[in-house]
Each structure stands twice: as structure tokens, then as C-alpha cells.
Amino acid sequence: MRCLLFICVLLGAAQSFALDRFSVEGYQLPNGLQLILKPGYERGHVSIRLVVGVGMDDFSCADQQLPHLLEHLLFSGVDDSGEGGLEERMQALGGEWNAYTSNADTTFVIEAPAKNQRKILDLLLSLLTRTQMTDQRISEAKQVVEREDGGHYSHLQRWLDRQDLGHSASNQLAVELGLKCAERAEVHNLTRQQLEAVRNTWYAPNNMTLIMVGDLDRLLPAYLERTYGALEPVDPSEHLPLPAIEARADTERTLVRGVVGETAKLHWLLPEPVIDDQNDETWDLLRDYLEWSLYNELRLKHGLSYGPWAEREVFGGVSFLSLNADLARDDVAKAQQVMGELKQRLLKDGLDPQTFTRLKNAAVARQAWAVQGNSALADYYWSALGDYDGGRFADPSKRLQAVTLEQANSALRHLFAKPGYVRIEKPLFSYNGLTVALAAALSVLVLMFVGWRIWRRRTR
Ligand SMILES: [Zn+2]
């Protein structure tokens, strides 16, 4: 109780100080619910994020939609007034809500007027505890999830996915390497028992973090202890291990995209070796450096691509850094050559110290204005939960500063030590190619017709 009082005083006082976005009032309720409270920038408004530690990666390929389906089901109503009644109650409180299921978590995202924050938290709590999973509601939620995924999963779409035609280049590679499920997970086989099991095993206070940023109610800590503090904890479940690279993939492949067109995309995907210190920051800086190099080479010097880009993406337990360019389809080989030369030059000379410092300073400077307003701050805490410890989030600008040129050079050498994977996306035919193919097909038809005429005349 003494602790609560202290937090109440702090919450009141903190608003008058300049905002240090990395320090928060963070503590755990006795039932294990992690709270992150931050008096924010704007008055009269509160951003709420309830992060539940269950995502698609916690289930096998066939059952991957379970947490997503449950997320939708939780909006189906807490009494006989159903989904519409629930929405009406939120409207009456002047708030807005949504939810997202990712590979790693399920998060309820709410923007609320400050004066109704406790009533809105009540509504969120009733949705978690009082939703009735009737067969009718389950089948309606299934329809919604199916529609979100682009409608019914037809035989044709499944066939296209199996032929790698339905995936983006990086997703296609991830499937080939065994890091991602090949087919879209379906919902129609999922049962009420499975959904109840997910709610009972994962939707527990000791698997949740409640983030609140903004004009916080002074009585909030006591309120939270009385309400959310009454949720029953469960024995924690183990997350499934993330898949590692298990299969071999072709080093180079062309993926057909559409029937006819003059453009192509070149992707060169490289698995990032894990570095001991400042892993993410080092790769972020290298991404910036490589993107700048691509821009210099492919756009400014060679005029091959308007907006080449470098990107980081995670599949299963593996992170990839990719170099990408949108090109004219005849320029693919030339762009590959330019990228190859860039690699050779970087391996020989290392990173240019001046450019590296300039880009590092820019990345550090960006941290000063990257997160603006209550909602962005709440989203930031959500994305950075892995960097949270005892009331503080790690300061990315300090970690960026700590990356040395030597570290970045060594990471770059490790990155380029393996050939990586090249994926070229282009339509089946160019317009010229299609014209030739059509002309050829037409000639064949004409020849067949003439042959048939001659044959008819001879046999008459
Ligand atoms: Zn959804």
C-alpha cells in the first residue's frame, strides 16, 4: 500500500517535469500483471495497450489462426446485445478500440478520453472475462477472419502458394528455408475447445502487460489493483522454439509475377549473423549504410533504379538484411553486377568512416523526434518491451552511439561471407516477348490452316 501511495504521488508530480521517455512507472501486480504507466504529452487523452503474450508462432502451421480467431471472438459481445451492443458502449464512452495479432503477441489498442479511462478499462476487462463463446459467434468470427485473409482459400490460391506464386520474394525464401508455413492457415477446423484452451492458458495476468500513456487518473494504481489485480494467474506456458534454417534454398531464382510487363524487382537476401553487443543497432546502421550505397550506385551513378532500398525482416528465429531494387526487366543483370562490385569494394576497403559517422549521427538525431504524442509513445513501449527492465527502457540513441566502425566492418564481413539468396520477380513476358510469342503462335495457326487446306485438296 505504501508503494501504491508513492506511485500515486509520483504520477501527480511527473507531469510537471520534462518528459524522459525511457523512464516509466513500471511495476507488477501480485497476480503477475505487468503495468507500464507514463504521464504523457497531451492532456485529456489516454492511450492504452494491453499486450497478451500469445501470437501465431505459438501454434503449429495448421492452428496458427487460433489466437487471431480468439481476438475477433472477444469483440463478439459480453451480453445478449452482442457485438453491436459492445460497440455502442464504447461509442458512449467516446473511445476507439482495435486489436492486432502478430507472430509474437496479441494486442488490444485503445484511444480514450482521459475522463472515461476507468470505465473503458472496465469494458476491456469484461471483454476478457465475460465473452461467451457460442457456436454462432464462433462461426461469425471465422467468416470475418477468412475475409480479412482475402476471402475463402480456394484450390487455385493454395496451388499458387505451393508453386511460390502467392508469396512475396522474402516470404517465398522463408518458406523454402523452412522458416515459415507454406500455406495460409485456415479457420474452419478450429474448435471451441481449442479457443477456450487458448484463453485459459495464455490470457492470464502473468502473461500480460498493460501500457497506459497520457493524462492518467491519480487513482489509477488503486483501481488497477482492485480490478485487473483480481484476475487469476495460471502456470506459464512455454513458447514454441522459433524455427531455424532447416532446408536448403536455391541461391538464385526467378519468380513469375503477372503475365506481361517491362519491370522487375531484384532482391538479394542475406541472413544476419548474430553479434554479441548492440546486435540490432549495428544491423540498423548497416542497413542505412547499404541503402545509401545502393542509392548512390544504382540511382545516381548508373540510373538503373529510382528507389533502391535495404530492409531488415525476421522470419522464425532468423533475421535477414536485404538489398532491393525496382528495375527495368532488361537491367537486372547490370544491377546484379553493380551490387556485386559494391560488395567487393566494401570487403576490400571497408565502410567509409565519414559516411558511417554521418549516418550514425543522423540515426541518433532521429531518436529525438521519432516518437511524438501519447499514442506513438504507447506504441513505442509496446514495440520495445524486450528492452524494458525495472522502470526503464533502454535508450536506443546510447546504443547506436556505442556501435564502432570496427564493429560495423566486422559485421559486414560476416554478412558477405556467405553468398545469400537472389530472388528476381518479373512478369512472364515482356511486351516485346509477348508480341513475338503471339506472332509465333499465329504463324503456327496459319501454317496449320494452310496445311489442312492442302491436305483436304489432296484427299478430295
Ligand atoms: Zn483480424
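Give Arg118, Arg158 a once-over and let me know the one that is part of a helix (DSSP H, G or I) and modelled with pLDDT of 95 or more. Can you show your working first?
Numbers: Arg158 fails: modelled with pLDDT of 95 or more.
Being part of a helix (DSSP H, G or I) and modelled with pLDDT of 95 or more holds for just one of Arg118, Arg158, which is Arg118.
Here Gln278 clears all of (1) on the phi < 0 side of the Ramachandran plot; (2) in contact with a helix residue (DSSP H, G or I) (Cβ under 8 Å, 6 or more places away or on another chain); (3) in contact (Cβ under 8 Å) with a residue 24 or more places away in the chain except the condition numbered (1). Would you mind stating whether Leu66 is of a type in the set (A, V, I, L, M) and over 30 Å from Glu183 (Cβ atoms)? When the stated conditions are applied, Leu66 does not pass them. Considering only region 253-273, I want to know if a residue exists there that is farther than 30 Å from Pro427 by Cα and either in contact with a helix residue (DSSP H, G or I) (Cβ under 6 Å, 6 or more places away or on another chain) or not basic (Lys, Arg) (or both). Yes.
Out of all the residues in region 103-115, which are farther than 17 Å from Gly40 by Cα and modelled with pLDDT of 95 or more?
Of region 103-115, the ones farther than 17 Å from Gly40 by Cα are 103-108.
Matches in region 103-115: Asp105, Thr106, Thr107, Phe108.
Scanning region 414-430 finds one or more residues that are over 24 Å from Ile275 (Cα atoms), among the β-branched types (Val, Ile, Thr) and outside any loop (DSSP other than H, G, I, E, B). Residues that are over 18 Å from the mean Cα position of the chain (by Cα) and within 22 Å of Gln132 (Cα to Cα) within region 53-65 comprise just one, Asp63.
Of all the residues in region 108-117, those that are crowded, with 21+ Cβ neighbours inside 10 Å and within 13 Å of the ligand (Cβ to nearest atom) number 1.
Screening Ser319 with (1) closer than 24 Å to Leu177 by Cβ; (2) buried (at least 21 other Cβ atoms within 10 Å of the Cβ) gives one miss only, at (2).
Looking only at residues in region 334-382 that are of a type in the set (S, T, N, Q) and surrounded by 14 or more Cβ atoms within 10 Å (Cβ to Cβ), the one that is modelled with the lowest pLDDT is Gln367.
Here is a yes/no grid of residues against (1) on the phi > 0 side of the Ramachandran plot; (2) without any contact (Cβ under 8 Å) to a residue 40 or more places away in the chain; (3) within 24 Å of the chain's Cα centre (by Cα); (4) in a strand (DSSP E or B):
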{"position": "Ala197", "(1), (2), (3), (4)": "no, yes, no, no"}
{"position": "Asn200", "(1), (2), (3), (4)": "no, yes, no, no"}
{"position": "Leu216", "(1), (2), (3), (4)": "no, no, no, no"}
{"position": "Ala222", "(1), (2), (3), (4)": "no, no, no, no"}
{"position": "Glu225", "(1), (2), (3), (4)": "no, no, no, no"}
{"position": "Glu232", "(1), (2), (3), (4)": "no, no, no, no"}
{"position": "Asp235", "(1), (2), (3), (4)": "no, yes, no, no"}
{"position": "Ala247", "(1), (2), (3), (4)": "no, no, yes, no"}
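Rundown of residues vs (1) in contact with an Asp or Glu (Cβ under 6 Å, 6 or more places away or on another chain); (2) among the charged types (D, E, K, R); (3) over 22 Å from Leu321 (Cβ atoms), yes/no style:
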{"position": "Pro396", "(1), (2), (3)": "no, no, no"}
{"position": "Arg399", "(1), (2), (3)": "yes, yes, no"}
{"position": "Val403", "(1), (2), (3)": "yes, no, no"}
{"position": "Ala411", "(1), (2), (3)": "no, no, no"}
{"position": "Lys418", "(1), (2), (3)": "no, yes, no"}
{"position": "Arg423", "(1), (2), (3)": "no, yes, no"}
{"position": "Lys426", "(1), (2), (3)": "no, yes, yes"}
{"position": "Phe429", "(1), (2), (3)": "no, no, yes"}
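In the set Ala182, Ala204, only one residue is aliphatic (A, V, I, L, M) and in contact with a helix residue (DSSP H, G or I) (Cβ under 6 Å, 6 or more places away or on another chain); that residue is Ala182.
Between Val422, Val446, the distinction of being among the β-branched types (Val, Ile, Thr) and over 30 Å from Arg345 (Cα atoms) belongs to Val446 only.
Would you please name the residue that is surrounded by the fewest Cβ atoms within 10 Å (Cβ to Cβ), looking only at residues in region 67-106 that are in a loop (DSSP other than H, G, I, E, B) and within 16 Å of the ligand (Cβ to nearest atom)? Steps first, answer last, please.
Initially, region 67-106 is screened for residues in a loop (DSSP other than H, G, I, E, B), giving 74-81, 94-95, 102-105.
Checking which are within 16 Å of the ligand (Cβ to nearest atom) leaves us with 74-76, 102-105.
Numbers: Leu74: 23, Phe75: 20, Ser76: 20, Ser102: 12, Asn103: 15, Ala104: 18, Asp105: 21.
In this case the residue turns out to be Ser102.
One residue alone among Leu400, Leu405 is under 23 Å from the mean Cα position of the chain (by Cα) and either of a type outside the set (D, E, K, R) or modelled with pLDDT of 95 or more (or both), and that residue is Leu400.
The values are calculated or read from the model by the stated rules, or taken from the named source; none is laboratory data. From a predicted model like this one, the values you see are computed outputs, not experimental measurements. Using ideal geometry, Cβ is built from the backbone for each residue, glycine included, and neighbour counts are taken over all protein chains shown.
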